[in-house]
Amino acid sequence: MYWQSATGRKITLAEGDITRVSADAIVNAANSALAGGGGVDGAIHRAGGPEIMRELDGIRAQSGGCAAGSAVATRAGKLPARHVFHAVGPVYRDGRHGEGELLASCYRKCLELAEEHAVETISFPAISTGVYGYPIEEAAAIALREVVRHLERPDANVRQVIFVLFGRNAYETYVKALTSLSQQPAP
Ligand code: ADP
């Protein structure tokens with residue numbers, strides 16, 4: 001299942017484990033302490049090896065961590081990628097505490113980092129939709145909106161965004177969101 005911009009840039013949906021998908025950059029759903037955790041964060045550190053955490057230790061020593069809505073870049077250790085962008089999503093409360101804007105900001109920041117690092121392919125998990133409790137339908141719509149906006153920029157270096165969804169339910173939710181996006185008339 002994929003979407004293509006007028007300029008040939010693509011969004012692809014895949015179901016599975018993000019640590020097994022090759023891309024120039026892999027996005028992690030980190031926490032603001034950059035301290036490692038469960039979920040996709042645990043999987044990325046396990047598969048990537050200790051080099052990633054060593055680099056995060058340096059960032060933490062300098063800046064104390066990373067605020068929700070932002071992201072920091074490290075190398076990717078043993079992962080099939082050049083970079084990991086550690087994005088800190090919002091913890092979902094009730095949707096009235098700026099969660100949507102913070103989640104959108106995570107995607108924008110990762111896409112900015114992608115441009116800075118001359119990344120052409122980037123893979124995203126469904127940030128905030130696990131332990132942080134963001135309803136996945138809403139999170140999918142936000143993620144797709146921000147990525148489409150970026151891919152439609154004439155100067156974007158990124159040419160493919162892969163959403164790697166964990167489990168059938170997450171995958172099907174994104175398929176639905178992408179289908180409804182593709183059916184909207186072009187502006
Ligand atoms: P958060 O704290 O941001 O909610 P989680 O890691 O708990 O982060 O979950 C984010 C999303 O990543 C969830 O949809 C979860 O199912 C998914 N996920 C967990 N492990 C993996 C993995 N190995 N690859 C891709 N997605 C994963």
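The values are calculated or read from the model by the stated rules, or taken from the named source; none is laboratory data. Computed from a predicted structure; not experimentally measured. Quick reminder, even Gly has a Cβ in these numbers, built from the backbone with ideal geometry, and neighbours come from all protein chains shown.
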Do we find that L181 is assigned to a helix (DSSP H, G or I), away from the ligand (no atom under 13 Å from the Cβ), of a type in the set (A, V, I, L, M, F, W, C) and under 15 Å from the mean Cα position of the chain (by Cα) in this structure?
-> no
Answer with yes or no whether I52 is surrounded by 15 or more Cβ atoms within 10 Å (Cβ to Cβ) and part of a helix (DSSP H, G or I).
-> yes
Confirm whether I26 is near the ligand (Cβ under 9 Å from one of its atoms) and of a type in the set (A, V, I, L, M).
-> no
Which number in (1) at pLDDT 95 or above; (2) more than 16 Å from the chain's Cα centre (by Cα) marks the one condition that A186 misses?
-> (1)
Within segment 152-169, residues being closer than 16 Å to A25 by Cα and more than 13 Å from the ligand (Cβ to nearest atom) number 6
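So in segment 29-45, with the set limited to residues that are part of a helix (DSSP H, G or I) and within 7 Å of the ligand (Cβ to nearest atom), which one is nearest to S70 (Cα to Cα)? Before you say what the answer is, go through the steps one by one.
Within segment 29-45, the first condition is being part of a helix (DSSP H, G or I), and the residues that meet it are 39-45.
Checking the rest, the ones that are also within 7 Å of the ligand (Cβ to nearest atom) come to 39-41, 43.
Numbers: G39: 19, V40: 17, D41: 16, A43: 21 Å.
Top of the filtered list is D41.
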Starting from residues that are assigned to a helix (DSSP H, G or I) and among the charged types (D, E, K, R), keep the ones in segment 68-107 and report whichever is nearest to V158 (Cα to Cα).
-> E101
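Of everything in segment 57-71, what is in contact with a Lys or Arg (Cβ under 9 Å, 6 or more places away or on another chain) and hydrophobic (A, V, I, L, M, F, W, C)? Give them in sequence order. If you could, list the steps in order and put the result at the bottom.
Of segment 57-71, the ones in contact with a Lys or Arg (Cβ under 9 Å, 6 or more places away or on another chain) are 66, 69-71.
Across segment 57-71, the qualifying residues are C66, A71.
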Those residues of segment 1-19 which are surrounded by fewer than 13 Cβ atoms within 10 Å (Cβ to Cβ) and either in a helix (DSSP H, G or I) or near the ligand (Cβ under 8 Å from one of its atoms) (or both) amount to G16
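Matching residues to (1) in contact (Cβ under 8 Å) with a residue 40 or more places away in the chain; (2) within 11 Å of the chain's Cα centre (by Cα); (3) surrounded by 17 or more Cβ atoms within 10 Å (Cβ to Cβ); (4) under 22 Å from I18 (Cβ atoms):
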| residue | (1), (2), (3), (4) |
| --- | --- |
| R60 | no, no, no, no |
| A68 | no, no, yes, yes |
| L79 | yes, no, yes, yes |
| A87 | yes, yes, yes, yes |
| Y92 | yes, no, yes, yes |
| G95 | yes, no, no, no |
| G98 | no, no, no, no |
| L103 | yes, yes, yes, yes |
| C106 | no, yes, yes, yes |
